[in-house]
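Chemist: Dropping a structure here in structure tokens format, bear with me for questions.
The values are calculated or read from the model by the stated rules, or taken from the named source; none is laboratory data. From a predicted model like this one, the values you see are computed outputs, not experimental measurements. Ideal geometry is used to build each Cβ from the backbone, glycine not excepted, and the neighbour counts take in all protein chains shown. Protein only, heavy atoms only, side chains kept; ligands, DNA and RNA dropped before computing areas. Shrake-Rupley method; radii C 1.70, N 1.55, O 1.52, S 1.80 Å.
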Amino acid sequence: MLVNQVAVFLENKQGRISDFCRALSNAGINLITMSIADTTDFGILRAITDDNDKAIKVLKDAGFTVSSTDLLGIEVEDKPGGLADVLYTMDNAGINIEYLYSFVKKDGKAMILFKVANIDETIEICKEKHLKIIETGVSIK
């Protein structure tokens with residue numbers, strides 16, 4: 001039920017995102033989605049690839065500082081209010097969202113990836129509220 005994410009700490013300088021993408025490309029790893037949060041000196045690039053274990057090794061070998069985190073993935077209708085409804089449900093249940101990012105699949109569904117404070121409790125609440133959780137082994141491509 002969890003989606004594994006690669007987090008990479010990047011110096012905030014020209015070419016570092018390109019270096020990241022090139023390292024994955026050279027290893028034959030497909031980048032599915034990514035998000036970048038930056039400060040003056042560094043950025044945190046969060047990504048999902050088609051092979052995160054291999055990506056972590058390749059990126060570490062290329063000199064990047066890398067970690068991995070599990071996220072909760074929820075599928076919502078790609079329409080006005082789709083995300084708002086999920087956020088309302090989580091807010092009413094007292095779930096703290098540390099960050100999220102999303103992407104749209106080909107079938108018109110939006111995939112929202114959540115980093116939450118208590119992932120096990122959040123999964124149970126989402127099940128109770130009939131939110132569509134990305135199941136283990138289901139492709140997010």
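Chemist: Could you please find all residues in the stretch 96-119 being out of contact with any Phe, Trp or Tyr (no Cβ under 7 Å at 6 or more places or on another chain) and open to solvent by less than 20 Å² (accessible area, probe 1.4 Å)?
Modeler: Y101, A110, I112, F114, V116
Chemist: Name, by its number, the condition in (1) among the hydroxyl-bearing types (S, T, Y); (2) open to solvent by 30 Å² or more (accessible area, probe 1.4 Å); (3) farther than 20 Å from T49 by Cβ that does not hold for T122.
Modeler: (2)
Chemist: Next question. Based on what the data block shows, is A62 of a type in the set (G, A, S) and either open to solvent by less than 50 Å² (accessible area, probe 1.4 Å) or within 21 Å of K115 (Cβ to Cβ) (or both)?
Modeler: Spelling it out, it is not the case that A62 is of a type in the set (G, A, S) and either open to solvent by less than 50 Å² (accessible area, probe 1.4 Å) or within 21 Å of K115 (Cβ to Cβ) (or both).
Chemist: Give all pairs with beta carbons closer than 6 Å in which a residue from the stretch 54-67 that is within 17 Å of G43 (Cα to Cα) and touching a residue at least 60 places away in the same chain (Cβ under 8 Å) meets a residue that is part of a strand (DSSP E or B) and hydrophobic (A, V, I, L, M, F, W, C); count only pairs at least 6 apart in sequence or on separate chains.
Modeler: From residues that are within 17 Å of G43 (Cα to Cα) and touching a residue at least 60 places away in the same chain (Cβ under 8 Å), the pairs are V66/V8; S67/A7.
Chemist: Follow-up. Run down L45, L59, L71, L31 and say which single residue is under 18 Å from the mean Cα position of the chain (by Cα), within 27 Å of I125 (Cα to Cα) and modelled with pLDDT of 90 or more.
Modeler: Values: L45 fails: within 27 Å of I125 (Cα to Cα); L59 fails: within 27 Å of I125 (Cα to Cα); L31 fails: within 27 Å of I125 (Cα to Cα).
Among L45, L59, L71, L31, only L71 is under 18 Å from the mean Cα position of the chain (by Cα), within 27 Å of I125 (Cα to Cα) and modelled with pLDDT of 90 or more.
Chemist: Quick one: in the stretch 46-67, of everything that is touching a helix residue (DSSP H, G or I) at 6+ places or on another chain (Cβ under 6 Å) and part of a strand (DSSP E or B), which residue is farthest from M90 (Cα to Cα)?
Modeler: Taking the candidates together, the pick is V66.
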